[in-house]
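Notes follow once the structure below has been shown.
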Amino acid sequence: MTNAALESWLESRRPVPPARLRQHLARFAPEVPGSFPELLADAGVALLRRVLSHPEGGRELALDLLTADALVTYAFEAQAETDISGLNALAQRVAGAKA
């Protein structure tokens, strides 16, 4: 997945995510080859872990939390568009990650 591929995919969403969220998504989405849905899900879980590692955090973590949610949500959306039969495996991947 490249940032260009992610940006193009995000631009195809309706409604298009706000620019600030798109920038944050690109910041945390890895630029490595692999399954788009799995990479998004893994990035979302990793970011959620980061948020959870700061229990004293407040509003400054809000965008990170929103981004983690968006990454996982978009992972399921991408999986449904690619191969709906893979949704269960993706759900198990996310659930097994134990954020």
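So which residues in region 1-30 are under 17 Å from LEU66 (Cα atoms), of a type outside the set (Lys, Arg) and not in a helix (DSSP H, G or I)?
PRO15, VAL16, PRO17, PRO18, ALA29
Could you tell me which residue of region 53-95 is nearest to the chain's Cα centre (by Cα), considering only residues that are charged (D, E, K, R) and part of a loop (DSSP other than H, G, I, E, B)?
Of everything passing the filter in region 53-95, ASP83 is nearest to the chain's Cα centre (by Cα).
Please list, ordered by first then second residue, the pairs with beta carbon atoms under 7 Å, 6 or more apart or interchain, first in region 63-83 and more than 10 Å from HIS24 (Cα to Cα) and free of Cβ contacts under 8 Å to residues at least 12 places away in the same chain, second surrounded by fewer than 18 Cβ atoms within 10 Å (Cβ to Cβ) and of a type in the set (A, V, I, L, M).
Correct list of pairs: ALA80/LEU87.
Take the residues of region 70-99 that are at pLDDT 95 or above and in contact with an Asp or Glu (Cβ under 8 Å, 6 or more places away or on another chain): which is farthest from GLY44 (Cα to Cα)?
Here the answer is LEU90.
For the list (1) closer than 23 Å to GLN92 by Cα; (2) in contact (Cβ under 8 Å) with a residue 40 or more places away in the chain, I need the number of the one condition that HIS24 fails.
Condition (1) is where HIS24 drops out.
The values are calculated or read from the model by the stated rules, or taken from the named source; none is laboratory data. Since the structure is predicted, the reported quantities are computational estimates derived from the model, not experimental observations. Because the Cβ atoms are built from the backbone with ideal geometry, glycine has one as well, and the counts that use them run over all protein chains shown.
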